[in-house]
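Sharing a structure below in structure tokens format, with a few things to ask.
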Amino acid sequence: MFLSIDSSAGTQVALVDGEGIVLAEAMSADPRGHAEMIGVLLEQVFAKAQAAPSDLTSVVMGIGPGAFTGLRVGMAAASAFALSRGLALQPVISHDAVGYFSDHDVVVISDARRGEVAYSVYRAGAHSAREVGPALARPEHLDEALGDARQLPRITAEQIPAAQLALVAQDYVARGLEFPDPVPRYLRQPDVTPPQ
């Protein structure tokens, strides 16, 4: 059983069995209440699925793109859960939950705040075909940034479905693909840095 956590846009938690069946999902759309909601959502999915942490085999962790604080909360929860149970931790680019299994070429866009969007380009016909991204652009410069992909349909990802992240992770395992590094995709420098 896979526990999947993403906090790149709101907070989403899901339990998915080894056959890809979604057992339970819970979410909060609050873009700033990650720390307050993560424990509540975890309790909800385990209760809905009538499952226990001992039933888990893997923890899937959305790694963004997303805001600094939001991503830290979800990634810390996923990492702590995996470490405490001795489970495999499987990092997945959050946009993959939306574009990875698309049956047509598509651009996935999410709000990156500060007047920017994060975008990724997916090509149909081969899973894991994220051709571009995640990357940042101002909305008025997005067509230029996309180049030849500017004509593709666009999906605005206001939420990242954690269950879909788990399905991406399962496909990576089944196909023997290498997971990305377990580091957050902030896409920009932090506002505050330590003095040198």
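The values are calculated or read from the model by the stated rules, or taken from the named source; none is laboratory data. Not measured: the values here are computed from a predicted model. Note that each Cβ is placed from the backbone with ideal geometry, even for glycine, and that neighbours are counted across all protein chains shown.
Among the numbered criteria (1) charged (D, E, K, R); (2) touching a residue at least 60 places away in the same chain (Cβ under 8 Å); (3) surrounded by fewer than 21 Cβ atoms within 10 Å (Cβ to Cβ), which one does ASP6 miss?
It fails just one condition, (3).
Which ranges mark the helices (runs of 4 or more DSSP H) fully within region 66-159 that have 1 or more residues being touching a strand residue (DSSP E or B) at 6+ places or on another chain (Cβ under 6 Å) and β-branched (Val, Ile, Thr)?
Details: elements: 68-85, 96-99, 142-146.
Ranges flagged: 96-99.
A quick yes/no check of all residues on (1) at pLDDT 95 or above; (2) over 20 Å from GLU158 (Cβ atoms); (3) assigned by TED's automatic domain parsing to the domain that holds ALA29; (4) out of contact with any His (no Cβ under 8 Å at 6 or more places or on another chain):
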position	(1), (2), (3), (4)
VAL45	yes, yes, yes, yes
VAL106	yes, no, no, yes
ASP111	no, no, no, yes
GLU116	no, no, no, yes
SER128	no, yes, no, yes
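While we're on this one: For GLU178, indicate whether it is more than 30 Å from LEU41 (Cα to Cα), modelled with pLDDT of 90 or more and of a type in the set (Asp, Glu).
No, not satisfied.
Moving on to the next point. Taking the conditions exactly as written (part of a helix (DSSP H, G or I) and either touching a helix residue (DSSP H, G or I) at 6+ places or on another chain (Cβ under 8 Å) or over 15 Å from GLN170 (Cβ atoms) (or both)), does GLN12 satisfy them or not?
Numbers: part of a helix (DSSP H, G or I): no; either touching a helix residue (DSSP H, G or I) at 6+ places or on another chain (Cβ under 8 Å) or over 15 Å from GLN170 (Cβ atoms) (or both): yes.
So GLN12 fails the test.
Among the residues that make up region 53-64, is at least one of them more than 27 Å from TYR122 (Cα to Cα) and either under 14 Å from the mean Cα position of the chain (by Cα) or of a type in the set (S, T, N, Q) (or both)?
Applying the first criterion (more than 27 Å from TYR122 (Cα to Cα)) to region 53-64 yields 53-57.
Now narrow it down to the ones that are either under 14 Å from the mean Cα position of the chain (by Cα) or of a type in the set (S, T, N, Q) (or both): 54, 57.
Scanning region 53-64 turns up at least one residue that is more than 27 Å from TYR122 (Cα to Cα) and either under 14 Å from the mean Cα position of the chain (by Cα) or of a type in the set (S, T, N, Q) (or both).
When region 49-65 is examined, which residues are found to be surrounded by fewer than 18 Cβ atoms within 10 Å (Cβ to Cβ) and outside any loop (DSSP other than H, G, I, E, B)? Give the steps one after another, and end with the answer.
Our first condition is that a residue be surrounded by fewer than 18 Cβ atoms within 10 Å (Cβ to Cβ); within region 49-65, this holds for 50-55, 57.
The answer is PRO53, SER54, ASP55.
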